[in-house]
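Working notes, structure below.
The values are calculated or read from the model by the stated rules, or taken from the named source; none is laboratory data. Computed from a prediction, not measured in an experiment: that's the story for all the values here. For neighbour counting, all protein chains shown are included, and Cβ atoms are generated from backbone atoms with ideal geometry for every residue, glycine included. Remember, those area values only see protein heavy atoms, side chains included, never the ligands or the DNA or RNA. Shrake-Rupley method; radii C 1.70, N 1.55, O 1.52, S 1.80 Å.
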Amino acid sequence: MTFMKTAIASLTALAAVTGIAMAQEMKKEIGPGEGQVDIVAWPGYIERGEQNKDFDWVTEFEAKTQCKVNIKTAGTSDEMVALMNEGGFDLVTASGDASLRLISGKRVQPINIDLIPSYKTVDERLQKAPWHTVNGVHYGVPYQWGANVLAYNTNVFKEAPKSWSVVFEEQTLPDGKSNKGRIQAFDGPIYIADAALYLMAKKPELGIKDPYELTEEQYKAALDLLRQQKPLVGRYWHDAFMQIDDFKNEGVVASSSWPFQVNLLKAGKQPIASTIPEEGATGWADTTMMHAEAAHPNCAYMWLEHSINPKLQGDLAAWFGSVPAVPAACKGNALLTDAGCERNGFGNFEKIHFWRTPVAKCETQTAGCVPYYRWVTDMIAVLGGR
């Protein structure tokens, strides 16, 4: 299990969550390309037309820069942190539950946005976002964002489920069968936040104000919910393509998911749709960050500029079901269409609880909060039936 393999590395990366310091002096100019750039990315984020020829934002870049793009996909943020700790990569498309760990662990370097002319076109809501900007220093370039959706089988649910309860509580589904063994949950400690978000609405007396800032009592309630959920779960997923196969062939009818899987299932004529239930959703705002010891920094900077051109941004949003970091991509893109950004949730920014690393010193709870290293060890226990 990927989560199990990377848990120790994830814990190591948490040693310096506070006291963030600059990894190294930022680059002042871009020189000749080194011939390649090595990127750790979420599935579907760096495409060269191999799955669908219409979705290719690598080939043109390689021809223009002579920088060959090498891609290593990762299924969870903890896996990304572990890979960056090991080294050998130039860039990573980090979500908010990994980015500050990478900064505090000095695994990524400051980015000189003066060397990225298109940075000014990035959504103003993202330009100085706290998950990649520390003390006014930028450590990355925003890439895409979106919500973790509830994917469901439309043959089972004639109407979209209104609540996340269909994956958290045992119940009879509209087809007259139990949900036991027919649902999935995300394989990662950050999924504790999904349970906390559900409890914010289900049990307001707990006083949860932020799903990433949990007191001991609130945290225990979230873990208890996940333990209650475990007998219902057919598989904890981290591999997007395996989840696609499970919806197709293994009888999965509801799960937390990404728009990426939903789009591919729909394209394959599968009876799948998605929704954001009444309790809201967690989500991700991803940032392309550069390794502190990047072997190919010039090609990396060239990719950072390329990554926010409107054509790439719009094509990627159409492919993944995400929202572009560059609003100009929302108009005039044939694949996304002018309605695509709204369809993918451009107006939901304030409603999404974006992934971030939980820390002990928190803003919404006077008693302090449970830090992320506990989330890691306790999620291992939940998966082990403890």
* Asked: Restricting attention to the range 116-138, which residues are in contact (Cβ under 8 Å) with a residue 40 or more places away in the chain and part of a helix (DSSP H, G or I)?
  -> Pro117, Ser118, Tyr119, Thr121, Arg125, Leu126
* Only helices (runs of 4 or more DSSP H) wholly contained in the range 57-109 count here; list those with 2 or more residues that are under 16 Å from the mean Cα position of the chain (by Cα) and either at pLDDT below 95 or farther than 19 Å from Asn309 by Cα (or both). => 77-86, 96-104
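Here is a yes/no grid of residues against (1) open to solvent by 50 Å² or more (accessible area, probe 1.4 Å); (2) among the β-branched types (Val, Ile, Thr); (3) at pLDDT 95 or above; (4) closer than 27 Å to Ala94 by Cα:
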| site | (1), (2), (3), (4) |
| --- | --- |
| Lys162 | yes, no, yes, no |
| Phe168 | no, no, yes, no |
| Tyr212 | no, no, yes, yes |
| Ala222 | no, no, yes, yes |
* Report yes if some residue within the range 327-342 is within 30 Å of Leu214 (Cβ to Cβ) and of a type outside the set (Lys, Arg); otherwise report no. => no
* Structure fact -> Restricting the range 162-186 to residues that are part of a loop (DSSP other than H, G, I, E, B) and among the small types (Gly, Ala, Ser), the one farthest from Met242 (Cα to Cα) turns out to be Gly176
* The one condition in (1) free of Cβ contacts under 8 Å to residues at least 40 places away in the same chain; (2) surrounded by fewer than 16 Cβ atoms within 10 Å (Cβ to Cβ) that Gln270 fails to fulfil -> (2)
* **Unique match (being open to solvent by 70 Å² or more (accessible area, probe 1.4 Å), among the polar types (S, T, N, Q) and farther than 17 Å from Asp123 by Cα) among Thr337, Thr377, Thr357, Thr366** => Thr366
* **Residues (charged (D, E, K, R) and in a loop (DSSP other than H, G, I, E, B)) located in the range 327-365** => Lys331, Asp338, Arg356, Lys361, Glu363
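Condition check: among the small types (Gly, Ala, Ser) and either touching a Phe, Trp or Tyr at 6+ places or on another chain (Cβ under 7 Å) or surrounded by fewer than 20 Cβ atoms within 10 Å (Cβ to Cβ) (or both). Does Gly384 satisfy that? Steps first, please.
Details: among the small types (Gly, Ala, Ser): yes; either touching a Phe, Trp or Tyr at 6+ places or on another chain (Cβ under 7 Å) or surrounded by fewer than 20 Cβ atoms within 10 Å (Cβ to Cβ) (or both): yes.
Considered against the rule, which asks whether it is among the small types (Gly, Ala, Ser) and either touching a Phe, Trp or Tyr at 6+ places or on another chain (Cβ under 7 Å) or surrounded by fewer than 20 Cβ atoms within 10 Å (Cβ to Cβ) (or both), Gly384 comes out as yes.
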* Pairs under 7 Å by beta carbon, first residue at negative phi and of a type in the set (A, V, I, L, M) in the range 372-385, partner open to solvent by 20 Å² or more (accessible area, probe 1.4 Å) and not in a helix (DSSP H, G or I), six or more apart or different chains? -> Leu383/Tyr236
* Working only within the range 276-319, note down all residues that are open to solvent by less than 10 Å² (accessible area, probe 1.4 Å), under 30 Å from Ala160 (Cβ atoms) and among the aliphatic types (A, V, I, L, M). => Ala281, Ala285, Leu316, Ala317
* Do we have any residue at all in the range 157-169 that's out of contact with any Leu (no Cβ under 9 Å at 6 or more places or on another chain) and closer than 24 Å to Gly268 by Cα? -> yes
* **When residues of the range 31-58 are limited to those that are free of Cβ contacts under 8 Å to residues at least 24 places away in the same chain and open to solvent by 70 Å² or more (accessible area, probe 1.4 Å), the one nearest to Asn263 (Cα to Cα)** => Gln51
